[in-house]
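Report on the following structure.
The values are calculated or read from the model by the stated rules, or taken from the named source; none is laboratory data. For clarity, every value in this text was computed on a predicted model and none was experimentally measured. Heads up, the Cβs are rebuilt from the backbone with ideal geometry, glycines too, and the neighbour counts pull from every protein chain shown.
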Amino acid sequence: MVRSQRIIVLGLGNLIRSDDGVGIHAIHELFRDSRIPENVELLDGGTLGLQLLPAIEDATHVLAIDAINTGADPGTIVRFDISEIEPLPGTPSVHQIGFSDLLAALRLLEKFPEQMVLLGVQPEETGWGEKLSGVVQAALPALIEVALDELHKWIPQPALAAR
C-alpha cells in the first residue's frame with residue numbers, strides 16, 4: 001500500500017537564545033508566506049525534542065530548520081540530506097540531544113520519513129537574547145527561499161502553481 005504524501009516543515013530552536021531561534025523565526029515567516037501549499041504542515045517545534053514524535057511520526061517528508069554549528073562563517077546556510085545525518089550518533093544542531101533522540105525514536109518505530117532534509121544557518125551568537133544577530137537576520141530571507149526550493153522538489157509542480 002502506498003502512503004499518501006504528508007509533508008511537514010519543522011522549525012526548531014529557542015527564541016531566548018539569540019541565533020538559536022532561527023528555525024522558529026523561519027517557521028513564523030513561512031506561516032505568513034502565501035507560497036506555502038495548503039497540503040504542507042508547518043510546525044513550531046521549539047525545543048520539544050521527543051515530544052514532537054506524535055506530530056511527525058506519520059510524515060513522509062520532513063524539512064527541519066534549525067541553527068547548525070558547522071564552524072562556517074555566521075549566516076552561512078547549510079543543507080544536510082537525511083543520508084548524511086541519519087547514520088550519525090548526533091547532529092551538528094544546537095539541540096543535538098533532542099533532534100538526535102527524535103531521529104532515533106523514528107528509526108526504532110520504523111516510522112522514518114521517506115525524505116528528510118535539515119536546513120540551517122550557522123549562528124553567530126547563542127547566548128541569552130531574544131533577537132537574531134544582524135548576520136543571521138540578514139540570512140533569513142535566503143533560508144526561506146532554500147526551504148521553498150526543497151518543497152518544490154517534493155511537491156508536483158501543478159500543486160504549487162495552483163496556489
> Restricting attention to the stretch 106-140, and to residues there that are surrounded by fewer than 20 Cβ atoms within 10 Å (Cβ to Cβ) and in a strand (DSSP E or B), which single residue is modelled with the lowest pLDDT?
Replying inline: Gln115
> What number goes with the only condition from (1) exposed (fewer than 15 other Cβ atoms within 10 Å of the Cβ); (2) part of a loop (DSSP other than H, G, I, E, B) that Leu15 does not pass?
Replying inline: (1)
> Of all residues in the stretch 18-35, how many are surrounded by 19 or more Cβ atoms within 10 Å (Cβ to Cβ), of a type outside the set (Gly, Ala, Ser) and in contact (Cβ under 8 Å) with a residue 40 or more places away in the chain?
Replying inline: 5
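For the stretch 50-94, enumerate the residues that are assigned to a helix (DSSP H, G or I), under 18 Å from Glu150 (Cβ atoms) and either at pLDDT 90 or above or of a type in the set (S, T, N, Q) (or both). Spell out the reasoning first.
Residues of the stretch 50-94 that are assigned to a helix (DSSP H, G or I), as a first pass: 50-56, 82-85.
Keeping just the survivors that are under 18 Å from Glu150 (Cβ atoms) gives 56, 82-85.
Across the stretch 50-94, the qualifying residue is only Ser83.
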